[in-house]
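These notes are about the structure you will find just below.
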Amino acid sequence: MIKYDKDNKLFYLNTKSTSYVIGIFDNEVLVHLYWGDRLKNPVNINIVTQMKRRPLSARDYGDYSTNDFPLEYSTFGSVDMRLPAFDAVHSDGSRITKLVYAEHTIAKGKPILNGLPGTYCEGNDNVETLTIRLHDSLKDIDVYLLYTVFEDFNAITRSARIVNNGERFEISAAMSATVDFFCLGDSEILHLDGHWCRERHITRREIVNGNQNISSRFGASSAIHNPFMAICSKGATENYGDVYGFSLVYSGNFTAGIEVDGYNCGRAYIGINPFGFNFVLETGEEFQTPEAVLVYSGNGLGEMSRIYHKLYRTRLCRGKYRDSERFVLINNWEATYFDFSEERLVSIAKKASEIGVDTMVLDDGWFGSRNDDRAGLGDWYENPDKLPNGLKSLAEKINALGMHFGLWFEPEMVNPDSELYRNHPDWVLHTKGRDSHLTRWQLTLDLSRKDVCDYIIDSVCGVLEKANIEYVKWDMNRYMTEVGSAILPADRQGEVMHRYMLGLYYVLEKITAHFPNVLFESCASGGGRFDPGMLYYMPQVWTSDDSDAEERLMIQYGTSIVYPYSSMAAHVSACPNHQVDRTTPFKMRCNVAMPGQFGFELDLNKCTEKELELAKQAIIDYKKLQDVFHKGSCYRLKSPFETNLSAIEFISEDEKTVILCVDCKKAIPNAPEEFIKLEGLDKESPYSLDGEIYGGDYLMNKGLLFINNSEHSSYRFIFKKC
Ligand code: DGJ
């Protein structure tokens, strides 16, 4: 798996199908030599010296210049002029750090990253970790580069731990991973972008000279960009082309991009956004970067996505609900908004239980003086006007219907009109003398403070202890502004946003560990913090506030570039849709939601008998098929970004069931026929579909004949391998 060739000073990080090769040049410089399909032959380190051709580079190694080398973890201030992996300001004001190879270890397994989420390994996994210590002798700083190889998953994770043995200094940038690509050729960068209600749409653009970057400065990974990028060969498709995926296990400000120089060499990078960030390390202190997950596929985007899906579903998500079936829930938000009573909630639950829904979730508005979004956040006790008998009584009534009871929280926030804020005005992120701007009438609590974190832990745990609550929706509805902490000194204010994340992860670890039987779902005005960091604590996310079936085709398709359908909560809501005012057929709404974590978000009492029948049947189908959607392999066949159709195929783990989901956006009158080619089938085997038999080879070579004749038509074809 990880091999060290001592004679040539080369590290081979081999997964089943890929190799990643690092060399030590001149006993000092860590150079990046290869990342791609698995190599059978050794690599020649002299390849780096062939880069000796740039006239204006200063020479720091005889005839050679590290400015011309592909480096593993670069610094700025000496010879390399590119965007550095690591940048620091030392006590003498200098920004120069020189990191040279000192030693390395190779060990089985994977260490846990202190205070941060990350992938993990289990008992028999073929997983090894290479730790390389780099050292700056003048400043006595160690940087430990961690590379974990998940052999069977075809994934490599990377992070860096910075240890200060010398004088106090300030980290200005510390990337989780950088990869220098020798010659990029014609390449594209793909990322996932959007906004509230249209999260994770796919953006692709040609890579040109200069820096192409996506980032967040919002204090959350954000709906605007997702902490992921893929560098692909131009025109890479779902099953063709080189694709290099970079995904960051982090929920805060991030940066990801690629800087290309005049020789068409590119430095790809991903990590905490250096903008507005600095972190002081006193003597003896250390800093751990978040983890980056690197996936290479020589067979296009689809294979890369399937690798991420499997790794994130089984080695990032944790706890009871990682593998066990989750809930089919009804959420009252779009049915009632803030206007509900115990009676109304029970009546919604009752109707839902009649059609097979197993969980009733009470959303925003149950606590403090919360009658609209202007007040009450932070006061985590029942609103006596709405719930005079308390949560316990409501939970009992829901349980009596044979259903689980779930509850909404937004623990990281506070309304100025709340007891919490009146008692602790300094508990919010703020900067003295500056107006603190409200978003949705709320401010952000300062989770860089331990006392604030402990308040959140106590109040959420207190509520969860007082009633039988088996599901929690953990919401977060504003980005950070006027960021500052009342308790950190001036020179540490640049740490606040990262310390907030560490505080949040501490809180989530405590609460989720304390309630291992509770299913947690994360949310940030929908998908504003849909990232691997949150998935470590909560195995599913409210994908978007936009539950319109047509919009969801794109949101879910884009999300699936990195994240498995098992992580996407998806609900059937009322029409006209509350976000886009569009009306789509009930059947399509059920079908589009079904591959995700299925549920409802409407008052079923207002549905017609026909709709209730469809909903009931959808739940029956979902229960039968959910394992295929959630644990099977996903193939994207037709993109709703590029065509009028969305076609997605799921193959069960045992490969016996194949589900083809086809949804049309617009009607095309008298539409031309088209064949939808399936993928990943056994070409030798026949498959049955509604009594008809098709060869696997025919379905893959020719496809299934499909005629798109009506607006918003939606089909599910279930093939069985014969
Ligand atoms: C935003 C969420 O995305 C919605 O689903 C809902 O929970 C509201 N917040 C409640 O305020």
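The numbers here are math on the coordinates, done by the rules we state, and not lab data. Just so we're clear, the structure is a prediction, and the values are computed from it rather than from any experiment. All Cβ positions, glycine included, derive from the backbone under ideal geometry; neighbour counts span all protein chains shown.
How large is the dipole of segment 85-160 about the Cα centre if only Lys and Arg carry +1 and Asp and Glu carry -1, each at its Cβ, rounded to the nearest 20 debye?
Details: 7 positive and 11 negative charges, 40 e Å.
That gives segment 85-160 a dipole magnitude of about 200 debye.
Antiparallel as a % of all DSSP beta bridges within segment 64-190, to the nearest 5? Write down the numbers at each step before the final one.
On the way: 32 of 33 bridges.
So the antiparallel bridges amount to about 95 percent of the total.
Can you tell me the FRET efficiency between Tyr61 and Asn371 if r is taken as the Cβ-Cβ distance and R0 is 56 Å, rounded to the nearest 0.05?
Values: r = 69 Å, r/R0 = 1.23.
Given R0 = 56 Å and the Cβ-Cβ separation, E is 0.20.
What value, in deg cm²/dmol to 500, does the helix sum -39500 (n - 2.57) over DSSP H runs of n ≥ 4 give at 222 nm once divided by the residues of the chain? Mind showing how you got there, number by number?
On the way: 13 runs with 144 residues, N = 722.
Rounded to the nearest 500, it is -6000 deg cm²/dmol.
Gain in length, Tyr337 to Ile693, computed as 0.36 nm per residue apart minus the alpha-carbon separation, to one decimal in nm?
Working: separation 356, 0.36 × 356 = 128.16 nm, distance 4.89 nm.
Stretched out fully, the Tyr337 to Ile693 stretch lengthens by 123.3 nm.
So, with +1 on the Cβ of K and R and -1 on the Cβ of D and E, and no other charges, what is the size of the charge dipole of the chain about its Cα centre, to the nearest 20 debye?
Details: 77 positive and 101 negative charges, 181 e Å.
The dipole magnitude comes to about 860 debye.
Can you put Ser448, Ser74 in order, fewest other beta carbons within 10 Å first? Don't skip to the end; give the middle numbers.
On the way: Ser448 26, Ser74 29.
Lowest to highest Cβ neighbour count: Ser448, Ser74.
Going by the alpha-carbon gyration tensor, a ≥ b ≥ c the square roots of its eigenvalues, is segment 161-237 rounded (a/c under 1.5) or, if a/c is not under 1.5, prolate (a/b greater than b/c) versus oblate? Each step should come with its number before you reach the end.
On the way: a/c = 3.14, a/b = 1.38, b/c = 2.27.
It is oblate, given that a/c is not under 1.5 and a/b is not larger than b/c.
Cut-off is 10 Å between beta-carbons; in what order do Thr584, Thr97, Thr481 appear when sorted fewest neighbours first? Could the numbers behind the result be given before it?
Numbers: Thr584 22, Thr97 25, Thr481 18.
If I rank by nearby Cβ atoms, fewest first, I get Thr481, Thr584, Thr97.
Give the relative contact order (percent, whole number) for the chain; include only Cα pairs under 8 Å separated by 6+ residues.
Working: 1793 pairs, mean separation 71.5, N = 722.
Contact order relative to length: 10 percent.
Beyond a 28 Å Cα-Cα separation, which of these cross-linked pairs lie in this structure: Lys432/Lys510; Lys234/Lys702; Lys656/Lys677; Lys16/Lys720; Lys623/Lys702?
Lys432/Lys510; Lys16/Lys720; Lys623/Lys702
Can you give me the long-range amide H partners of Asn211? Hydrogens built in the peptide plane at 1.01 Å from N, cutoff under 5 Å, separation of 5 or more residues or another chain.
Those lying under 5 Å, H to H, from Asn211 are Val260.
Any idea which of Phe515, Ala615, Tyr565 is furthest toward the positive side of the dipole for the chain, if Lys and Arg beta-carbons carry +1 and Asp and Glu beta-carbons -1?
Sorting the options by dipole projection puts first Tyr565.
Run the reach check for Lys386 against lysines, Cα to Cα strictly under 23 Å, same-chain hits fewer than 8 apart removed. What comes back?
Lys350, Lys351, Lys397, Lys466, Lys473, Lys606
For the charge dipole of the chain, defined by +1 on Lys and Arg C-beta atoms and -1 on Asp and Glu C-beta atoms about the Cα centroid, which residue among Leu443, Asn299, Ser78 has the Cα displaced farthest towards the positive pole?
Of the listed residues, the answer is Asn299.
Nearest 20 debye, what's the magnitude of the dipole of segment 473-588 about its Cα centre given +1 on Lys and Arg Cβ and -1 on Asp and Glu Cβ? Walk me through the intermediate numbers first.
On the way: 9 positive and 13 negative charges, 51 e Å.
About 240 debye.
Name the residue from Cys265, Val208, Trp196 whose Cα lies farthest towards the positive end of the charge dipole of segment 164-270, charges +1 on Cβ of Lys and Arg and -1 on Cβ of Asp and Glu.
Trp196
Of Val628, Val658, how do they rank once you tally other Cβ atoms within 10 Å and put the fewest first?
Values: Val628 22, Val658 27.
Exposure proxy ranking, most exposed first: Val628, Val658.
By the gyration tensor of its Cα atoms, with a ≥ b ≥ c the square roots of the eigenvalues, what is the shape of segment 542-700: rounded for a/c under 1.5, prolate for a/b over b/c, or oblate?
On the way: a/c = 1.65, a/b = 1.50, b/c = 1.10.
Here segment 542-700 falls in the prolate category.
How would you classify the chain from its alpha-carbon gyration tensor, with a ≥ b ≥ c the square roots of the eigenvalues: rounded for a/c under 1.5, else prolate if a/b is greater than b/c, otherwise oblate?
On the way: a/c = 2.10, a/b = 1.25, b/c = 1.68.
Oblate is the answer for the chain, as a/c is 1.5 or above yet b/c matches or exceeds a/b.
At most 16 other Cβ atoms within 10 Å and a DSSP loop assignment: could you name the trypsin sites (Lys or Arg not before Pro) in segment 133-201 that fit? Intermediate results must be reported in sequence, preceding the final value.
On the way: sites: Arg133, Lys139, Arg158, Arg161, Arg168, Arg198, Arg200; in loops: Lys139, Arg168.
Answer in residue order: Arg168.
May I ask for the distance between the Cα centers of segment 142-184 and segment 4-33, given as a whole number of Å?
After rounding, the separation between the Cα centres reads 15 Å.
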